[in-house]
1. In the set [x] 1.04; [y] 1.00; [z] 1.10, which value of Rg/Rh (Cα atoms, Kirkwood Rh) was calculated from the structure you see?
2. With a cut-off of 11 Å, note down the residues of the range 7-31 whose backbone N falls inside the zone around a label point 7 Å from the Cα of residue 38 toward its beta carbon.
3. What number, rounded to the nearest 500 deg cm²/dmol, is the helix-based mean residue ellipticity at 222 nm of the chain, given -39500 (n - 2.57) per DSSP H run of at least four residues and division by all its residues?
Amino acid sequence: MKAKDLKSKLREMSEEELSVKERDLREDYFKLKFQHGVGQLENTGRLSQVRKDISRVKTARNAKKTA
């Protein structure tokens, strides 16, 4: 998913949905790190992509809290 698409979808989500999304992304990131450590991960760029998505979700959550 492109960053612009993700940003617009995140703005529309509620805080609860954002929390669930962040939890899911953190689980994915953990699994990817484990696969990378074992040597089974083929697309290592996915690690940085998921990490950036987690940051985008956290930014959207903080923006909703302050608004």
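Read-outs throughout are calculated quantities, based only on the coordinates presented, and are distinct from any laboratory measurement. This structure is a prediction, so every number in the text was calculated from the model and none was measured. In this analysis, Cβ positions are derived from the backbone assuming ideal geometry, glycine residues included, and neighbour counts consider all displayed protein chains.
1. Correct label, based on the coordinates given: [x].
2. 31, by backbone N distance to the label point.
3. Rounded to the nearest 500, it is -28500 deg cm²/dmol.
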